[in-house]
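Everything below concerns the one structure shown next.
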Amino acid sequence: MVSFGSNSITHDSTNLRLVLEGLTFGPSHAQQTVTITETTTEHSLQFKIAGYGGGLVKFRVGTTSAGTEVINDYELGIGEHTISFTPGAATIYIGFLQQNNPVRDMYVDTVVFLDNAPLELVTPYTRANLPELRFFQAADVMYLLHPTVAPRRLER
């Protein structure tokens, strides 16, 4: 993992996650170089973003270092995310960038490439909740509603 920007990145060895530090007003940018053998196949990357007091992390994928040729600074909030993309090159650069104001640390955890594996979404619903679950969709966002659970968004 390479660090760019005026703030640093660290590894939280207790919780086994990447820390995008928010110590000063400037970006924390972590980047990982990945070699891909199937450049024209869609790949999916799953990861978790955490932080205290909200905040956003920009996710980018480029064919050049610090580039955004594949995905250009897609802003993501706290939660579980799965992003699919077609790399188009044998070497890609996956980046996580944070520049929150007010300053806060953000965390990236459980980063996994999904490879022909079923996608499992963790939800707060039990089997008994399913008959009362209501949902509606607006464009690429599905809203899930239940009387005893806070509303959820499922975004494509």
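The values are calculated or read from the model by the stated rules, or taken from the named source; none is laboratory data. None of the values given here were measured: they were computed from a predicted structure. Every residue, glycine among them, receives a Cβ derived from its backbone with ideal geometry; neighbour counts consider all protein chains shown. Just so you know, the surface numbers come from the protein's heavy atoms only, side chains and all, with ligands and any DNA or RNA stripped out. Shrake-Rupley method; radii C 1.70, N 1.55, O 1.52, S 1.80 Å.
What the table shows:
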{"quantity": "Asp12 being among the charged types (D, E, K, R), out of contact with any Asp or Glu (no Cβ under 8 Å at 6 or more places or on another chain) and under 15 Å from Asn100 (Cβ atoms)", "calculated": "no"}
{"quantity": "Residues (within 21 Å of Phe85 (Cβ to Cβ), assigned to a loop (DSSP other than H, G, I, E, B) and open to solvent by less than 80 Å² (accessible area, probe 1.4 Å)) located in region 107-149", "calculated": "Ala117, Asp140"}
{"quantity": "In region 25-54, residue nearest to Gly77 (Cα to Cα) [restricted to those that are polar (S, T, N, Q) and open to solvent by 60 Å² or more (accessible area, probe 1.4 Å)]", "calculated": "Gln32"}
{"quantity": "Among (1) touching a Gly at 6+ places or on another chain (Cβ under 8 Å); (2) within 13 Å of Val108 (Cα to Cα) - the single one Leu16 does not satisfy", "calculated": "(1)"}
{"quantity": "Qualifying position, being of a type in the set (Lys, Arg), surrounded by 13 or more Cβ atoms within 10 Å (Cβ to Cβ) and over 18 Å from Leu18 (Cβ atoms), among Arg104, Arg152, Arg60, Arg156", "calculated": "Arg152"}
{"quantity": "Elements of type strands (runs of 3 or more DSSP E) in region 1-89, at least 1 residues being small (Gly, Ala, Ser)", "calculated": "2-4, 28-35, 43-51, 57-62, 79-85"}
